[in-house]
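Below is one structure, written out as structure tokens; comments come after it.
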Amino acid sequence: MDINVVASLIGSLGFPIVSCGFLAWFIYKVVLDLQKTIEHNTKIMEKILTKLDMDEGDENDDK
């Protein structure tokens, strides 16, 4: 984004409105990144739990 565009937005809308808009956009981006990370961690945890369940099943077969 060009500095002239930001200056014209601040001049026409006012600093508080532009600041709130920027913060909303920033928070949205951060939440999307966190959501992707949580989904990735969930997939990994499911794989780990599946592997642990298989290992526990092997131990029970020996008894």
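A few remarks follow.
- Protein accessible area in the chain, 1.4 Å probe - carbon and sulfur %: 67
- Couplings 3J(HN,Hα) of region 12-18, computed from phi: 8, 9, x, 4, x, 5, 5 Hz, in residue order, whole Hz [Karplus 6.51 cos²θ - 1.76 cosθ + 1.60, θ = phi - 60°; x for Gly and Pro].
- Max mean-square fluctuation residue, GNM over the chain, Cα-Cα springs under 10 Å, options LEU52, LEU34, LEU23: LEU52
- Of the residues ALA7, GLY57, TRP25, the one whose Cα sits farthest toward the positive end of the charge dipole of the chain, with +1 on the Cβ of Lys and Arg and -1 on the Cβ of Asp and Glu, is ALA7.
- Region 16-59 - accessible surface per residue (Å², probe 1.4 Å): 91
- Among the listed options (i) 54, 9, 4; (ii) 22, 18, 10; (iii) 18, 12, 10, the one matching semi-axes √(5λ) of the Cα gyration tensor in Å as calculated from these coordinates is (i).
The values are calculated or read from the model by the stated rules, or taken from the named source; none is laboratory data. None of these values were measured; they are calculated from a predicted model. When we count neighbours, we look across all protein chains shown, and the Cβ atoms used for this are built from the backbone with ideal geometry, even at glycine. With ligands, DNA and RNA removed, areas are computed over all heavy atoms of the protein, side chains included. Shrake-Rupley method; radii C 1.70, N 1.55, O 1.52, S 1.80 Å.
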